[in-house]
Amino acid sequence: MKKIIILLALASISFVNAQAFKGKGDIKFQVGATMQEHATGIGTSVDFGLGENLSYGFAVSYLLNTTDAGGTPKFDDKFDAKARFNANIGNVLKIDDKLDIYPGLNLGLRNFGAHLGARYFFTDGFGLFTEAGIPLAKYNSNAVGYERFNNQFVFQLGASFNL
């Protein structure tokens with residue numbers, strides 16, 4: 001019984017020390033499902049801390065399931081890559097250290113957009129994230145069919161890791 005109590009106490013300490021964003025030098029890796037109208041897929045991103053509340057990173061996504069009628073989408077219709085810049089404001093809002101909220105901007109293969117995300121860390125190395133993104137300026141403002149993939153409202157949900 002003592003071993004179980006000691007193990008639980010050690011585990012609870014790791015929960016207390018979990019921190020969502022540590023600032024300069026912090027690296028976060030995320031992987032999860034991406035969902036948008038007529039398509040679902042997988043997305044990954046990595047963010048590098050620049051300062052107390054700033055980070056930059058890269059995101060890549062690939063659509064696995066598409067239901068839009070009108071032929072078969074090509075690879076470049078399903079693939080997207082973006083450079084991103086985030087303002088990590090969890091500590092500014094004075095919320096739990098384990099929760100980070102990050103609005104940001106991204107420049108991708110299809111558009112210039114914005115995103116709003118949140119990640120919650122259960123331990124120092126593992127957490128969950130959710131993110132929503134919208135295009136602000138599309139490279140093709142008359143996009144139709146498969147051209148709309150990765151060029152519309154996108155929602156993501158998945159796991160986040162400290163590296």
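I need the full set of residues from segment 49-62 which are assigned to a strand (DSSP E or B), more than 20 Å from LEU128 (Cβ to Cβ) and modelled with pLDDT under 95, in order please. LEU54 - this is the single residue of segment 49-62 that is assigned to a strand (DSSP E or B), more than 20 Å from LEU128 (Cβ to Cβ) and modelled with pLDDT under 95.
Whenever a residue of segment 119-139 is of a type in the set (Asp, Glu) and at pLDDT 95 or above, its partners that are part of a strand (DSSP E or B) and surrounded by 14 or more Cβ atoms within 10 Å (Cβ to Cβ), lying with C-beta atoms within less than 6 angstrom and at least six residues away or across chains, give the pairs GLU131/HIS115; GLU131/GLY117; GLU131/GLN156. Out of contact with any helix residue (DSSP H, G or I) (no Cβ under 6 Å at 6 or more places or on another chain), closer than 18 Å to GLY51 by Cα and either part of a strand (DSSP E or B) or at pLDDT below 90 (or both), is that true of ASP80? It is false that ASP80 is out of contact with any helix residue (DSSP H, G or I) (no Cβ under 6 Å at 6 or more places or on another chain), closer than 18 Å to GLY51 by Cα and either part of a strand (DSSP E or B) or at pLDDT below 90 (or both). Take the conditions (1) exposed (fewer than 15 other Cβ atoms within 10 Å of the Cβ); (2) of a type outside the set (Phe, Trp, Tyr); (3) on the phi < 0 side of the Ramachandran plot; ASN53 misses just one of them, which is (1).
For segment 83-114, the set of residues classified as of a type outside the set (Gly, Ala, Ser), in a strand (DSSP E or B) and surrounded by 21 or more Cβ atoms within 10 Å (Cβ to Cβ) consists of ARG84, ASN86, ASP100, TYR102, ASN106, ASN111, listed by residue number. The residues listed here are ASN65, ASN140; of these, the one that is polar (S, T, N, Q), part of a strand (DSSP E or B) and loosely packed, with under 15 Cβ neighbours inside 10 Å is ASN65.
The values are calculated or read from the model by the stated rules, or taken from the named source; none is laboratory data. Please read all numbers here as calculations on a predicted model, not as lab measurements. Reconstructed Cβ throughout: ideal geometry from the backbone, glycine too, with neighbour counts over all protein chains shown.
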